[in-house]
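K.L.:
Pasting in a structure now, in structure tokens, and then I'll have a few things to ask.
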Amino acid sequence: MKFRRTCLAVLLLLAPISAANAQCLSQAEARAAVASGQAAPLGSMLAAAGGEVVKADLCIEGGRYVYRLAVLVGGKVQTKVLNASR
């Protein structure tokens, strides 16, 4: 449990760096994009993450919606980017 908290703390510190190349949406903007059908809901993407998602942001990269995920896999945190455009 202590390891998970440490990983989460590191992720929160690095989050602005990892999202620097993307325009990430606010929660309200993300809800609107999903409600309008422009972006897939996060729940439908979780199986493709391949581990425990500890942080998720809906962003626009290259004109398409993507989820930038921090995923705990085998005790290590990995960043994964999944296409969320519909």
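The values are calculated or read from the model by the stated rules, or taken from the named source; none is laboratory data. Just so we're clear, the structure is a prediction, and the values are computed from it rather than from any experiment. Note: ideal-geometry Cβ built from the backbone for every residue, glycine included; neighbour counts use all protein chains shown.
K.L.:
For segment 52-65, enumerate the residues that are among the charged types (D, E, K, R) and either surrounded by 15 or more Cβ atoms within 10 Å (Cβ to Cβ) or farther than 16 Å from Val81 by Cα (or both).
P.N.:
Taking segment 52-65 and keeping what is among the charged types (D, E, K, R), we get 52, 55, 57, 61, 64.
Of everything in segment 52-65, those that are among the charged types (D, E, K, R) and either surrounded by 15 or more Cβ atoms within 10 Å (Cβ to Cβ) or farther than 16 Å from Val81 by Cα (or both) turn out to be Lys55, Asp57, Glu61.
K.L.:
Can you run down the residue pairs with Cβ atoms below 7 Å, 6 or more apart or on separate chains, where the first is in segment 22-51 and surrounded by 18 or more Cβ atoms within 10 Å (Cβ to Cβ) and the partner is assigned to a loop (DSSP other than H, G, I, E, B)?
P.N.:
Ala33/Leu25; Val34/Pro41; Ala39/Ala84; Ala39/Arg86; Ala40/Ala84; Ala40/Arg86; Met45/Ala84
K.L.:
Filter segment 16-55 down to residues that are among the aliphatic types (A, V, I, L, M) and modelled with pLDDT under 55 and give me whichever is farthest from Val71 (Cα to Cα).
P.N.:
Within segment 16-55, the first condition is being among the aliphatic types (A, V, I, L, M), and the residues that meet it are 17, 19-20, 22, 25, 28, 30, 32-35, 39-40, 42, 45-49, 53-54.
Remaining after also requiring modelled with pLDDT under 55: 17, 19-20.
On the way: Ile17: 16, Ala19: 15, Ala20: 18 Å.
It comes out as Ala20.
K.L.:
Next question, about the same structure. I need the full set of residues from segment 52-84 which are closer than 14 Å to Gln23 by Cβ and touching a residue at least 24 places away in the same chain (Cβ under 8 Å), in order please.
P.N.:
Step one: filter segment 52-84 for residues closer than 14 Å to Gln23 by Cβ, giving 57-68, 81, 84.
Matches in segment 52-84: Asp57, Leu58, Cys59, Ile60, Glu61, Tyr65, Val66, Tyr67, Arg68, Ala84.
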